[in-house]
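Chemist: The structure under discussion is supplied below as structure tokens; questions concerning it will follow.
The values are calculated or read from the model by the stated rules, or taken from the named source; none is laboratory data. Quick caveat, the model's predicted, so the values are computed rather than measured. Here Cβ is always computed from backbone atoms with ideal geometry, including for glycine, and neighbour counts include all displayed protein chains.
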Ligand SMILES: N[C@@H](CCC(=O)N[C@@H](CS)C(=O)NCC(=O)O)C(=O)O
């Protein structure tokens, strides 16, 4: 059995989608990041970066002690290796999938995260930040569109892979990011194809009842004022 430490956000969806795609049994352990539960000592022992998702595999390959993994990209690779699914074995295809997974982890995810922050959550509009991240997200969608035109199928080639599973949840937020998919026809084609997958739907639905309708003052404090001190205290005393 796998424990999935999770909250329904784009980074969380990557793993709920992967688990559903692989048909692996798992148990949901909610981490309410708006209430500061990412600083609970038990959670930090698994995920020292105080971010979800994280997993604990109680039945790892080869037996032995449970294996804990944090960082969604590492979790996707772990689950792909465990199941032999969604990561090609041939050298060239494998590194296509790897590099687009890293592109998501180092590019699209962080940039879209900042874009969303300055569009939706910043207490005042900061035009420079909105423009900076808006343009970068636009550029990244252009890169993705061109890649999908090259493959004519999935991000890393002919086969659906961990790269698609990592990228899709962030593209799911395109409206909030003020990205018009009509500008990116290949992304639109790919997005519609993935959205039609039952496992993707189940992954997106996991824990949707947990989502708060709006960002509360408590959540704002837990999420947006963190410093090294927050980590040292192991609690959301971030302000
Ligand atoms: N690079 C990390 C990012 C994870 C991440 O940013 N998770 C957010 C939710 S989408 C979180 O846990 N936020 C809690 C916080 O900011 O304290 C990954 O891909 O796993």
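Chemist: For segment 141-159, what are the residues that are surrounded by 21 or more Cβ atoms within 10 Å (Cβ to Cβ) and either in a loop (DSSP other than H, G, I, E, B) or assigned by TED's automatic domain parsing to the domain that holds residue 15 (or both)?
Modeler: 155, 156
Chemist: Among (1) over 27 Å from residue 134 (Cα atoms); (2) within 16 Å of the chain's Cα centre (by Cα); (3) surrounded by fewer than 20 Cβ atoms within 10 Å (Cβ to Cβ), where does residue 173 come up short?
Modeler: Checking residue 173 against (1) over 27 Å from residue 134 (Cα atoms); (2) within 16 Å of the chain's Cα centre (by Cα); (3) surrounded by fewer than 20 Cβ atoms within 10 Å (Cβ to Cβ), the one that fails is (1).
Chemist: Counting just the residues of segment 180-205 that are part of a loop (DSSP other than H, G, I, E, B) and over 18 Å from the mean Cα position of the chain (by Cα), which one comes out nearest to residue 95 (Cα to Cα)? Steps first, please.
Modeler: We begin by selecting, within segment 180-205, every residue part of a loop (DSSP other than H, G, I, E, B); these are 180, 184, 196-197.
Restricting the remaining residues to those that are over 18 Å from the mean Cα position of the chain (by Cα) gives 180, 184, 196.
On the way: 180: 30, 184: 25, 196: 26 Å.
Looking at the filtered set, the residue picked out is 184.
Chemist: What about residue 212, is it in the same structural domain as residue 18 (by TED's automatic domain parsing), in a helix (DSSP H, G or I) and either more than 19 Å from the chain's Cα centre (by Cα) or within 16 Å of the ligand (Cβ to nearest atom) (or both)? Show your work before the answer.
Modeler: Working: in the same structural domain as residue 18 (by TED's automatic domain parsing): yes; in a helix (DSSP H, G or I): no; either more than 19 Å from the chain's Cα centre (by Cα) or within 16 Å of the ligand (Cβ to nearest atom) (or both): yes.
For residue 212, the condition - in the same structural domain as residue 18 (by TED's automatic domain parsing), in a helix (DSSP H, G or I) and either more than 19 Å from the chain's Cα centre (by Cα) or within 16 Å of the ligand (Cβ to nearest atom) (or both) - is not met.
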